[in-house]
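Below you'll find the structure, written out as structure tokens, and then a few comments.
Quick note: the coordinates plus some simple rules give every number you see, no bench work behind them. This one's a predicted model, so the numbers in the text were calculated from it and none came from an experiment. So basically every Cβ, Gly included, is an ideal-geometry build from the backbone, and we count neighbours across all protein chains shown.
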Amino acid sequence: MRLERRAHVPLYLVIVAPICAIFMALFLAAGLILAAGVNPLTAYAEMLIGALGSRLSITEMLTRATPLILTGLAAAVAFRARLWNIGAEGQFFAGALITAAIGHSLGVPGWIGIPILMGAGMIAGALLLAGPAFLRLRFGVDEVVTTLLLNFIVILFVGLMIEGPMRDPFAFGWPSSVPVDGAFRLPDLIPKSRLHIGLLFAITAAGAVWVVLTHTVFGAETRAAGLNAKAAAFAGISLPRTIMSVALLSGALAGLAGAIEVMGVTAGVTTTMSPGFGYAGIIVAMLAALHPAGVVASAIFVATVFVGADAMSRATGVPSFIADVIVALCLLTMIVALLFTTYKVRR
Amino acid sequence: MTKVLELVGISKRFGALTANDDVNLSLKQGEILALLGENGAGKTTLMNILFGHYAADKGHVRVFGTELPSGKPRAAIEAGVGMVHQHFTLADNLTVLDNVMLGSEPLFRFRSARTEARNKLMQISDRFGLPVTPEAKIGSLSVGERQRVEILKALYRDARVLILDEPTAVLARPEAKRLFETLRGMTKEGLSLIFISHKLHEVMAASDRVAVLRGGKIVAERDTNKTNADELAELMVGRKVERPVRQEHDIGAPVLIAQKVRLENDGETQLNNVSFQVNAGEILGIVGVSGNGQAALGALLSGLAAPTAGELTLDGNEVGHIGPRGMIMAGVGRVPEDRNSEGVVGELSLWENAVLERIRSPKFSRWGFVRQRAARDYTSALIKRFDIRGANPDTRIRLLSGGNMQKLILGRVLANDPRFVLANQPTRGLDEGAIAAVHAKLLAARAKGAAILLISEELEEAVALSDRIQAIVKGRLSAPIHADQADAQRLGLMMAGVWEEDENAA
Amino acid sequence: MTDAIDLLLNTSLWAAVLRIATPLIFGVLGALLCERSGVLNLGIEGIMTMGAMSGWLAVYLGAPLLVGLLVAAICGALLGALHATLTVPLGLSQHVSGLGITLFASALAYYLYRLIVEVGDLPPTIEPFEPLNIPFLTDIPVLGPILFAQAFPTYLALFAVIAMAYVLTRTPLGLAIRMTGENAHAVDAQGLYPTHIRFGAVVVGSALMAIGGAFLTTTAFNSFFPGMVQGRGWICIALVVFASWRPGKALIGALLFAFFDAYQLRLQTTTEGVPYQLFLMAPYVLSITALVLVARKAEVPASLMTPYRRGER
């Protein structure tokens, strides 16, 4: 048996592959649900109802999808250029922290302040990834490890700040930062829900990233550099500059996710505000085959699993960690599915 | 004489491509058989089947009368077949002994018998006249020494049939000659050999018998002393392909001048005191054995590397430090050494590859946005003008054949009427038809007044195309000679670095 | 300041160094074995988590401690087989597959833990490995308590270092593994199967990682809780680079690292006015610093992260 490169990837495969991957993952996870003594079909039905069954649950799910779209874009942009940014979690917190730090005392009206805070979050995220990118370019240090370790450092730093200088004296229970000024809370998209206009920003960002990747010189150059660095260098594309630009863009997207989450949902920063948005972003990006438009769809899928699993867990007693199992399985089945879109099996 | 090896009815397909079609071949005891064929004729596939790297779709291999199971190199080795791969299968960071010993002992053994292995290796090395240092790291060896290790690997496993894939591709003529003498000696020790080649002269010089492979089929078998180079050439190509001939014409003013250029990389001197000049309407050929600084020269002239010392000027302007984009804008056209790894991005379309190196010019982008229509139109024109077959601007370029890919690369270089063209191994791996096309394009550019620097490891090509020739040896260039003074012997001496002694004597 | 120096003279610090180093030694040996054969295994963090959970769970359900380690090793081997299947014959991106394994294995460990174990206010506990207190040797002043009063898995780790070094440098198998990491084509050309060798190395390496994880729940602590591996896997990946892919240097790296970790833990308790997070950050900062210092000179296995397919160069 050997794998042979397909000359053309048929369009139907591009669409069918992720669907097959998802079904395969659900099938495998069904065994674990069975082990909990629950009928998997019942569990999945509960999940669907929990995520999509009511107006409230849909808005909840979309609220959850918003940061996932942005962290998914961050991973997609970076992975396309073979920059292994596994640090979206840290960049998310960096964006969130800076937003909270500036946002509770910035004395300007909301329509000026919100863009400023989003910009600040983006800059924080971008700078955080610029470090590992620099270390890779200057010293040849693998960015996977540095970005991963930075996640721990940043979250500890967040803990330090919110227990120290940024502590909210009125928060009880878990420590939290002082909330951002009410003027900088993102307006609701749908009244009486947590869903805020951040979703529109995220979708706009996906559109913008798509345009940048497919229609600009920057997009063409990063694509070439990601696919064949040697040929790109021969064509005069500066690899360090490309890597650094991609790092800044990727970090900025993850930082923006943090900023929007603070302004739209949590108001203050806590160390528990992210249920792994950064790591899930990797799954979102892979499920979308690194395509910006696909990222929106796969973020909605992942959010559905997470929100749905919480509801299902309450209804059936299956531990809600099943959501993490399902999305991780999706990542693994998806990379296999992707393989079979580009290769076919020959005897 | 007994048949030591037989290939019976071997067929192998890769997708739509038939690499081998019902090949029958046998090797006699003590014989040197040359397997001659063009690039892409299926030689390497056939030998990979014989050695067990690939499983044949049909047919089988017999060694000393026993059929080999397909797809198992281990079985081939145990039956006494050894293979010397064209791309050496050695690990640079390990020692000669490590490389030789690998696979010779059962894996799950408490201790490697290194002392015994070293003794056996030294014994074989003495017997066949192949000196090596067992504890030397492969990375520190020259190409010729590495090849020696490849051969010793096979002999260490008691090979009685040796297959050599393009063994002289990386050797200078004197080294190649020595290699064939060694191989001849081995036949006296009872070995039988097959070597793969596309070089007629060495087939004629070194083999007892020659089998010609074309389009995956054996088209002829001849005793070497009953045939001649012309007949073999025709059998190999199968049709009359005339390579275009260089016409003498007036040479213009100097375009590109290198003066005492030195190039260092990681503290290693890759080019040393290199001077040359290329004039308008002239092709300067740089010949040499692979690995003598051609890559560095290519990097220098394509803008990827800047000279550490010395000067590189184009029409009087310094161009040594302006990078690839600067070179392109200054009117330098660059054909890279390896089209797959450097020339194109396989997963991108033809149009993206066609404009990639000029994507920032106003012709192809505005406000940072790519002008896709302009780029596609430009590519369509290239496809027409340079006769690129089986593709439209949106085809992924990896689907093109090597020849058509090279035509696109030449097209994007020549379409802009460059002042200077770097043609680095422009015909490597191409078949005769494509070679002729590439030669015609280069000669046409010369006729239009371009200054061309041709780096080639194929002497025939360099002599046919070049007005003047210099040899590159260990990062230094010989003085130029005119093409009409270039005969095989003189070039051979130059490539072996003999001019350096002349220089010292003077 | 004198406090800080007093700490250094305390034998309990040095005994702690070996203890803290133990999971790292297992992890770094496992990662090293995988990488020496040419496969980067970023599944390590998840495999250690799974090892921690499964080893603990086996003991919790009544198995002897040693069987707990064995169960952990088997779970690690299975996850390693999954990573190997995806990256070796299928040749998928080792980065993405490894991260996928980490996400999957951690999630699965937490899920199974929640499913099987009744968790009250406090996580349930087991009887962990006790220090061996080797007769007579333990009584040697200074050295005794440091070297001869460790728990069994620590000695196992030290033995594993020696075994790994021996196998890699002195046996035909070790040569084949190293060669596969340098040039898989050479291995194929000599009649061995680079894919089998890589598969085996990843499976065994992953089993070692899982034992490292199990140390946390069967020796260092006596219970399992989510997030307990705390990036130790990633630190191991950094340590492999620091160790230049050599078992002996890996031991030194793990000990060095553990020393700083043990020291900062003790400084935390004696130093006032410095936020404890700064101390906790130290190991991660240290790892990055170590990487920066050695990355340029590192002798990376030449075909690390290059999948092998016959006929593709």
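Just checking the output field for C:38-50: average partner chain Cβ neighbours within 10 Å of each residue's Cβ?
Details: counts 0, 0, 2, 0, 5, 0, 0, 1, 1, 0, 0, 0, 0.
So the per-residue partner count for this stretch is 1.
Which whole-angstrom value gives the distance between the alpha carbon centres of region A:321-347 and region B:174-251?
50 Å
Label region B:127-276 by shape, choosing from rounded, prolate and oblate, from the square roots a ≥ b ≥ c of the eigenvalues of the Cα gyration tensor; if a/c is under 1.5 it is rounded, and otherwise prolate applies when a/b is larger than b/c, oblate when it is not.
Oblate.
Taking every DSSP beta bridge with both residues inside chain B, roughly what % is antiparallel (nearest 5)?
On the way: 44 of 81 bridges.
The antiparallel proportion sits near 55 percent.
Taking beta carbons within 10 Å but only from partner chains, what does the mean come to for residues B:341-350?
Details: counts 6, 7, 5, 5, 13, 4, 6, 7, 0, 0.
Rounded to a whole number, the mean comes out at 5.
Sort out for me the Cα centre separation of region C:204-227 from region A:276-299, rounded to whole Å.
The distance from the Cα centre of region C:204-227 to that of region A:276-299 comes to 31 Å.
Highest GNM mean-square fluctuation, chain A, Cα pairs closer than 10 Å: which of A:206, A:17, A:280?
A:17
Could you state the angle between the C-alpha long axis of helix B:432-447 and the longest principal axis of the C-alpha atoms of chain B, as a value from 0 to 90 degrees rounded to the nearest 10?
Approximately 30 degrees, to the nearest ten.
Can you list the aspartates and glutamates whose alpha carbon sits under 16 Å from that of residue B:448, skipping same-chain ones fewer than 8 residues off?
Partners found: B:248, B:250, B:282, B:417, B:467.
Using only the Cα atoms of region A:1-73, build the gyration tensor, take square roots of its eigenvalues as a ≥ b ≥ c, and label the shape rounded, prolate or oblate: rounded if a/c is under 1.5, else prolate if a/b is larger than b/c, else oblate.
Numbers: a/c = 2.75, a/b = 1.38, b/c = 1.99.
Judged from the Cα gyration tensor, region A:1-73 comes out oblate (a/c at least 1.5, b/c at or above a/b).
Per residue and in Å³, how big is the convex hull formed by the alpha-carbon atoms of chain B?
178 Å³
Would you mind putting A:328-338, C:188-198 in packing order, based on average other-beta-carbon counts within 10 Å, highest first?
A:328-338, C:188-198
For region A:2-346, what class follows from the C-alpha gyration tensor (a ≥ b ≥ c being the square roots of its eigenvalues): rounded when a/c is under 1.5, otherwise prolate if a/b is larger than b/c, else oblate?
Details: a/c = 1.77, a/b = 1.08, b/c = 1.64.
The shape class here is oblate.
Please identify every one of the trypsin sites (Lys or Arg not before Pro) in region B:438-497 that sits in a loop by DSSP and has no more than 16 other beta carbons within 10 Å of its own beta carbon.
Sites meeting the loop and neighbour criteria: B:448, B:474.
Per-residue mean of other chain beta-carbon atoms within 10 angstrom of the beta-carbon, peptide C:162-174?
Partner Cβ neighbours, averaged per residue: 3.
Give the relative contact order (percent, whole number) for region A:164-258; include only Cα pairs under 8 Å separated by 6+ residues. Present the calculation step by step, with values, prior to reporting the outcome.
Details: 49 pairs, mean separation 9.9, N = 95.
Normalised by residue count, the contact order of region A:164-258 is 10 percent.
If you look at just the Cα atoms of the protein assembly as shown, how large are its Rg and its Dmax in Å?
Expressed in Å, the Cα Rg and Dmax of the protein assembly as shown come to 32.7, 102.
Tell me the relative contact order for chain C as a rounded percent, counting alpha carbon contacts under 8 Å between residues six or more apart.
Relative contact order comes out at 36 percent.
Anything in chain A that counts as a DSSP H helix reaching 24 Å or more along its axis (C-alpha) with Kyte-Doolittle mean of at least 1.6? List them, would you?
Correct list, ordered by number: A:11-35, A:143-163, A:198-215, A:322-342.
Springs between alpha-carbon atoms under 10 Å, Gaussian network over chain A: tell me which of A:51, A:126, A:205 tops the mean-square fluctuations.
A:205
Taking the convex hull of the Cα atoms, report for region B:1-49 its projected area averaged over all directions, in nm².
Reported value for the Cα convex hull: 3.7 nm².
Output the DSSP H helices from chain C with an along-axis C-alpha extent of no less than 27 Å and a mean Kyte-Doolittle hydropathy no less than 0.0.
Qualifying helices, which must be both long enough and hydrophobic enough, are C:11-36, C:65-87, C:94-116, C:194-215, C:247-270, C:276-294.
For the cross-link pairs B:177/B:474; A:230/C:297; B:58/B:177, which exceed 27 Å when the distance is taken from alpha carbon to alpha carbon?
Listed pairs above 27 Å: B:58/B:177.
Quick check: the distance between the Cα centres of region C:32-60 and region A:148-221, to the nearest angstrom?
Their Cα centres are 33 Å away from one another.
Mind checking the angle between helix B:372-385 and chain B's longest principal axis? C-alpha axes, 0 to 90 degrees, to the nearest 10.
70 degrees
Scan region B:203-275 for GluC sites (Glu not before Pro) in coil per DSSP, keeping those whose Cβ has at most 13 other Cβ atoms within 10 Å, and list them by number.
On the way: sites: B:221, B:231, B:234, B:242, B:248, B:264, B:268; in loops: B:242, B:248.
Within region B:203-275, the qualifying GluC sites (Glu not before Pro) (loop, at most 13 other Cβ atoms within 10 Å) are B:242, B:248.
Give the angle, between 0 and 90 degrees and rounded to the nearest 10, that separates the Cα long axis of helix B:173-188 from the longest principal axis of the Cα atoms of chain B.
10 degrees
Quick check on chain C: helices-only [θ] at 222 nm, where DSSP H runs of length 4 and up contribute -39,500 (n - 2.57) each and the sum goes over total residues. Nearest 500, please.
When only DSSP H runs of four or more count, the value is -22500 deg cm²/dmol.
Normalized C-alpha radius of gyration of region C:126-225, against 2.2 N^0.38 Å?
Taking N as the residue count of region C:126-225, the ratio is 1.48.
Choose one of A:342, B:14, C:69: the residue whose Cα lies farthest towards the positive end of the charge dipole of the protein assembly as shown (beta-carbon charges +1 Lys, Arg; -1 Asp, Glu; about the Cα centre).
B:14
Where both partners of a DSSP beta bridge lie in region B:139-234, what percent of those bridges are antiparallel, to the nearest 5? Write down the numbers at each step before the final one.
Numbers: 6 of 11 bridges.
Taking every DSSP beta bridge within region B:139-234, about 55 percent pair in antiparallel fashion.
Can you give me the relative contact order of region B:3-237 as a percent, contacts being Cα pairs under 8 Å and 6 or more apart?
29 percent.
Using modelled backbone amide H atoms (1.01 Å from N, in-plane), which distant-in-sequence or interchain residues come within less than 5 Å of residue B:31's amide H?
Under 5 Å from the amide H of residue B:31 lie the amide H atoms of B:193, each far enough along the sequence or on another chain.
I'd like to know which of B:393, B:314, B:91 lies farthest towards the positive end of the charge dipole of chain B, counting +1 on Cβ of Lys and Arg and -1 on Cβ of Asp and Glu.
Of the candidates, B:393 comes out farthest on the positive side.
Take peptides A:97-103, B:222-228, A:153-159 and line them up by average Cβ neighbours within 10 Å, highest first, as a rough protection proxy.
Ranked by mean Cβ neighbours within 10 Å, highest first: A:97-103, A:153-159, B:222-228.
Can you list the aspartates and glutamates whose alpha carbon sits under 17 Å from that of residue B:240, skipping same-chain ones fewer than 8 residues off?
Straight-distance partners of residue B:240: B:38, B:230, B:231, B:431, B:432.
List the trypsin sites (Lys or Arg not before Pro) within region B:363-415 that fall in a DSSP loop (any state other than H, G, I, E or B) and whose Cβ has at most 15 other Cβ atoms within 10 Å. Intermediate results must be reported in sequence, preceding the final value.
Working: sites: B:363, B:366, B:371, B:373, B:376, B:384, B:385, B:389, B:396, B:398, B:407, B:412; in loops: B:363, B:371, B:389.
Counting only loop positions with at most 15 other Cβ atoms within 10 Å, the trypsin sites (Lys or Arg not before Pro) in region B:363-415 are B:363, B:389.
Over all pairs of distinct alpha carbons, what does the Kirkwood formula give as the hydrodynamic radius of region A:180-297, in Å?
After inverting the pairwise mean of 1/r, the radius is 16.2 Å.
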